[in-house]
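The structure appears below as structure tokens.
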Amino acid sequence: MGLPQTTSLLSLDDYLDFERREAVRHEYFDGLVYAMAGESLERSMLCFNLAAILGSQLMGTPCRGLSPNMKVLSGDYSPGQMRGLFSYPDVTVVCGEPKFHDERRDVLLNPTLIVEMLSPGTESFDRGEKFQRYRKHLDSLQDFVLVSSAYPLIQLFQRQPNGFWLYSAAAEIDASMVLPSIGCEVPLAQLYDRQIAPAAESEQE
């Protein structure tokens, strides 16, 4: 996640007050605040492509896609509390009526699907503690998706009725990943359109 922006611990209330006055986005994890890093061209294109793919399929359905500027709260909220996670997923989809933390409507409580684009600096946290918080605190979450920005790979974790999460992956450029909770399909060829593979770059040098 990088280095925290402050060494003093902030409560959830302090973070929200701070974040709503800032121009730069920050994630919050158990009292510490982390500035969101800039993104590479490849990662930016992936986010845009995925939003376009899902957006066209969600039109006319009970589900809606949200941009990376929507915060998601994972954890119980009480005044003065310091344990919790405020995150900015790369893509969030909510089905039915969205529920928010307060009247500002900038903190979502009931996502149906969350997508995180992996990068070297955040991958271990996204796969580990962040996913653990999502599983534990977001009862509405049905699908958790990880997308590699280094090569074609989509990984899906799908909540099962018994509480376990079913894993599946698509790694061939001509394959597609079905996202059951929102009734969408993501063709890898469209998602990774105009992406330059590292191997291809090396061959051109």
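Loop-located GluC sites (Glu not before Pro) in region 4-81 (DSSP state not H, G, I, E or B) with no more than 13 neighbouring Cβ atoms inside 10 Å: 22. With a cut-off of 15 Å between beta carbons, the residues surrounding residue 61 carry a summed charge of -2, where Lys and Arg count +1 and Asp and Glu -1.
Neighbours of residue 83 by Cβ distance under 14 Å: Lys/Arg scored +1, Asp/Glu scored -1, total -3.
Once C-alpha pairs closer than 8 Å and six or more residues apart are averaged by separation and normalised to the residue number of the chain, the relative contact order reads 17 percent.
The charge dipole of the chain, taken about the Cα centre with unit charges on the Cβ atoms of Lys, Arg (+1) and Asp, Glu (-1), comes to about 560 debye, rounded to the nearest 20. Within the chain, DSSP assigns beta bridges of which about 80% are antiparallel (rounded to the nearest 5). Sequence-distant contacts, meaning Cα pairs under 8 Å at least 6 residues apart, place the relative contact order of region 3-65 at 27 percent. Farthest toward the positive end of the dipole of region 99-164, out of 140, 111, 125, is the Cα of 140, where the dipole comes from beta carbon charges about the Cα centre. Residues within the reach of a label modelled at residue 167 (point 7 angstrom out along Cα to beta-carbon, backbone nitrogen below 19 Å), restricted to region 126-154, are 126-136, 142-154.
With an a/c value of 1.5 or above and a/b not larger than b/c for the gyration tensor axes a ≥ b ≥ c computed over the alpha-carbon atoms, region 43-128 is described as oblate.
Which whole number in µm²/s is D for the chain by Stokes-Einstein, with the Kirkwood Rh taken over Cα pairs at 10 °C and 1.306 mPa s? Approximately 89 µm²/s, per Stokes-Einstein. Counted by Cβ distance under 14 Å from residue 174, the other residues give a net charge of -3, where Lys and Arg count +1 and Asp and Glu count -1. Under the combined filter of DSSP loop state and at most 14 neighbouring Cβ atoms within 10 Å, region 79-150 retains these trypsin sites (Lys or Arg not before Pro): 83, 99, 104, 105. Across 61, 92, 112, mean-square fluctuation computed from a Gaussian network of the chain (C-alpha pairs under 10 Å connected) peaks at 61.
Springs join every pair of Cα atoms under 10 Å in this Gaussian network model of the chain, and among 166, 141, 50 the largest mean-square fluctuation is at 166. Full extension of the chain segment joining residue 20 with residue 106 gains 30.0 nm, where the gain is 0.36 nm per residue of separation less the Cα-Cα distance. Against the main long axis of the alpha-carbon atoms of the chain, helix 41-58 sits at an angle near 90°.
Here, each number is a calculation from the coordinates, and none is a lab measurement. Only a predicted model underlies this, so the values are computations on that prediction, with no experimental measurement involved. Here the Cβ is made from the backbone with ideal geometry for all residues, glycine too, and neighbour counts use every protein chain on show.
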